[in-house]
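See below for the structure under consideration.
The values are calculated or read from the model by the stated rules, or taken from the named source; none is laboratory data. Keep in mind it's a predicted model, so treat the numbers as computed, not measured. Cβ sites come from the backbone with ideal geometry, for glycine too, and all protein chains shown count toward neighbours. All accessible areas refer to the heavy atoms of the entire protein, side chains included, with ligands and DNA or RNA removed. Shrake-Rupley method; radii C 1.70, N 1.55, O 1.52, S 1.80 Å.
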Amino acid sequence: MYKRIFAGMAMALTVALQAQTAVDGPAQKVVLIELFTSEGCSSCPPADALLRQVNGSRTSEDQLVVGISEHVTYWNGLGWSDPFSSPAYTERQNAYAERFHLEGVYTPQMVINGSEQIVGSDRAALLRAVLEEGGQHPRMSLRILSSQVTGNSVTVSFSVSGEVPAQGADLMAVLADDSDRSSVLHGENSGQTLAHVAVARSISRVARLRAAGERTVQVQIPATFEAGQRHHLILFAQTPGNGRVLGADSKPL
């Protein structure tokens, strides 16, 4: 089923939604959206809602939109400690701020395919950025072939095809909750129940890619993973220094 989102937008900014299908078949063309957010920030719930709307959608160029919600820590001392926050996401956002020559970090912020940053609640800017990425011809494809949970780690087999940059690419692995809800008791969002999707519980560089082919890596399962909850794995290849995302794939665990 398809439906239009962001009613009232021009036809050129229409994004068709459809459920993500099985990982069998050709490699996905993917647009990766990283949302830097915090439950302590009153400006963040609209951005969280926007990510929920576009996560799992497809662009007019048939690229799958994969979202990652990365909760930062610098709001934690202002009344509410975000249970999903981690210094790893704060450090990642700081690296993007340096790369994009920003005066500092802020929430909510979205980074699209590592190549552009926008205010995370700006629907029009997000659609424009996603459509621009949809028009890019991907030079690399990344596909998760299989994943198996054993003990406290996930064994992941994947394939890379196409062009790998001469300097190589960082293979990043994210383990995420499909969705989370939180009743906020203090801070700017006190009294609200907040909903999130694709909540990162860990992010790590698991390999340096230097050539196409198939490989297997191990991804450690964080202690914050709860049994019985739905999770998924996201792999993406990124040029060193938090550069452009060259390819990505996602698979339920």
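When segment 183-206 is examined, which residues are found to be under 23 Å from the mean Cα position of the chain (by Cα) and either of a type outside the set (Gly, Ala, Ser) or buried (at least 20 other Cβ atoms within 10 Å of the Cβ) (or both)?
193, 194, 196, 197, 198, 199, 200, 201, 203, 205, 206
Give me the residue from segment 219-253 that is more than 17 Å from residue 150 (Cβ to Cβ) and of a type in the set (Gly, Ala, Ser) and, out of that set, farthest from the chain's Cα centre (by Cα).
Selected residue: 228.
Quick one: which of 78, 32 is more than 23 Å from residue 179 (Cα to Cα) and not in a helix (DSSP H, G or I)?
78
Among the strands (runs of 3 or more DSSP E) lying completely within segment 88-160, list those that include at least 2 residues that are over 23 Å from residue 46 (Cα atoms), over 17 Å from the mean Cα position of the chain (by Cα) and at pLDDT below 95.
140-150
Just for segment 229-241: of the residues that are of a type outside the set (Lys, Arg) and surrounded by fewer than 22 Cβ atoms within 10 Å (Cβ to Cβ), which one is nearest to residue 101 (Cα to Cα)?
241
Regarding residue 228, is this residue in contact (Cβ under 8 Å) with a residue 12 or more places away in the chain and either in contact with a Leu (Cβ under 8 Å, 6 or more places away or on another chain) or at positive phi (or both)?
no
From the residues in segment 40-55 that are small (Gly, Ala, Ser) and closer than 15 Å to residue 195 by Cβ, which one is surrounded by the most Cβ atoms within 10 Å (Cβ to Cβ)?
47
So which residues in segment 167-182 are open to solvent by 10 Å² or more (accessible area, probe 1.4 Å) and within 20 Å of the chain's Cα centre (by Cα), if there are any at all?
170, 172, 178, 179, 180, 181, 182
Kindly provide the set of residues from segment 207-228 that are assigned to a loop (DSSP other than H, G, I, E, B), in contact with a strand residue (DSSP E or B) (Cβ under 7 Å, 6 or more places away or on another chain) and either open to solvent by 50 Å² or more (accessible area, probe 1.4 Å) or closer than 13 Å to residue 140 by Cα (or both), ordered by number.
Scanning segment 207-228 gives 212, 224.
Confirm whether residue 164 is open to solvent by less than 50 Å² (accessible area, probe 1.4 Å), assigned to a strand (DSSP E or B) and either without any contact (Cβ under 8 Å) to a residue 40 or more places away in the chain or on the phi < 0 side of the Ramachandran plot (or both). Show your work before the answer.
On the way: open to solvent by less than 50 Å² (accessible area, probe 1.4 Å): yes; assigned to a strand (DSSP E or B): no; either without any contact (Cβ under 8 Å) to a residue 40 or more places away in the chain or on the phi < 0 side of the Ramachandran plot (or both): yes.
The answer is no for residue 164.
Go through (1) open to solvent by less than 40 Å² (accessible area, probe 1.4 Å); (2) more than 14 Å from the chain's Cα centre (by Cα); (3) among the polar types (S, T, N, Q) one by one and return the number of the condition residue 37 breaks.
Only one criterion in (1) open to solvent by less than 40 Å² (accessible area, probe 1.4 Å); (2) more than 14 Å from the chain's Cα centre (by Cα); (3) among the polar types (S, T, N, Q) is unmet by residue 37, namely (2).
For segment 87-105, name all the residues that are surrounded by 16 or more Cβ atoms within 10 Å (Cβ to Cβ) and free of Cβ contacts under 8 Å to residues at least 40 places away in the same chain.
90, 94, 97
Return the pair list, or none, for Cβ contacts closer than 6 Å from residues in segment 45-70 that are closer than 16 Å to residue 131 by Cα to residues that are in a loop (DSSP other than H, G, I, E, B) and of a type in the set (A, V, I, L, M, F, W, C), at least 6 apart or on different chains.
So the pair list comes out as 53/5; 57/15; 57/17; 59/15.
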